[in-house]
Amino acid sequence: MKVKMMMASLTLLATTVSASPFEKPEDAIHYRQAAFSMIAANFGDMADMVKGRKDWNQDVFSQRAQYISTLALMPAEAFSVDGSDKGDTKAKPEIWNDWDGFTVKLNKFQTDLNQLAQVASLGDERATKKAFGVAAKNCKSCHSDYKFR
């Protein structure tokens, strides 16, 4: 009986986790826009440090890198919601027309940000700035291909 209860619980959990949290396409659009806004705010602060417009603070930079590394995981599920390619969005149709290419770039962005967070946590300013450049370059290429300005 205990095994049956555990299996039933796991089945329910799997169903709950895989279910979309979005009732409407607009919800998915707002969700991914919110995630990207938070990524941009943190990324902008980091860019200001890299460019010398703000004093370098390795601890703050590392924390921001951790934030965006996590935030970068969030938008993916919101792009796969039917109808989320329409409405108030800057997402280009190329995302859905070139889904494989888009997911490759999104996965690379996530990998680059994870690497940036790891490097930043080590405290080496030069290595951190180099890892930031890699992530920024990939971020820009995705914007060029898949986002309206």
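Kindly report the accessible area of the chain per residue (heavy atoms of protein chains, probe 1.4 Å, no ligands, DNA or RNA), in Å².
Result: 64 Å² per residue.
If Lys and Arg each add +1 and Asp and Glu each add -1, what is the summed charge of the other residues whose beta carbon sits under 15 Å from the beta carbon of residue 137?
With Lys, Arg at +1 and Asp, Glu at -1, the net is +4.
Given 0.36 nm per residue, what is the gain on full extension from residue 90 to residue 70 after removing their alpha carbon distance, in nm? Write out the running numbers ahead of the final one.
Values: separation 20, 0.36 × 20 = 7.20 nm, distance 2.21 nm.
My answer for the length gained is 5.0 nm.
Normalising by the residue count of the chain, find the relative contact order in percent from Cα pairs under 8 Å and 6+ residues apart.
25
Anything in the chain that counts as a DSSP H helix reaching 20 Å or more along its axis (C-alpha) with Kyte-Doolittle mean of at least -0.5? List them, would you?
Membrane-span-like by this rule: 2-18, 25-50, 99-121.
Per 0.36 nm of contour for each residue apart, how much would the distance between residue 118 and residue 103 grow if the chain were fully extended, relative to their Cα-Cα spacing?
Length difference between fully extended and current span is 3.2 nm.
Between residue 137 and residue 33, what length in nm is gained on full extension when 0.36 nm per residue of separation is reduced by their alpha carbon distance?
That works out to 35.4 nm of additional length.
Considering just Cα atoms, how many Å³ per residue does the convex hull of the chain enclose?
Convex hull volume per residue, Cα atoms: 137 Å³.
Would you mind computing, in nm to one decimal, how far apart the modelled labels at residue 82 and residue 147 are, each placed 7 Å from Cα along Cα→Cβ?
Rounded to a tenth, the inter-label distance reads 2.9 nm.
Rounded to the nearest angstrom and ordered from largest down, what semi-axes does the equivalent ellipsoid of the stretch 61-115 get from its C-alpha gyration tensor (root of 5λ)?
Values: eigenvalues 115, 33, 14 Å².
In descending order the semi-axes read 24, 13, 8 Å.
Can you pick out the pairs among 24/140; 24/108; 51/140; 90/137; 108/129; 54/140 whose Cα atoms lie more than 25 Å from each other?
24/140; 24/108, as the Cα separations exceed 25 Å there.
If packing is taken as the average count of other Cβ atoms within 10 Å, what order do 87-93, 72-78 fall into, highest mean first?
Averaged packing, sorted descending, gives the order 72-78, 87-93.
The values are calculated or read from the model by the stated rules, or taken from the named source; none is laboratory data. Quick caveat: nothing in here was measured; it's all calculated off a predicted structure. All Cβ positions, glycine included, derive from the backbone under ideal geometry; neighbour counts span all protein chains shown. With ligands, DNA and RNA removed, areas are computed over all heavy atoms of the protein, side chains included. Shrake-Rupley method; radii C 1.70, N 1.55, O 1.52, S 1.80 Å.
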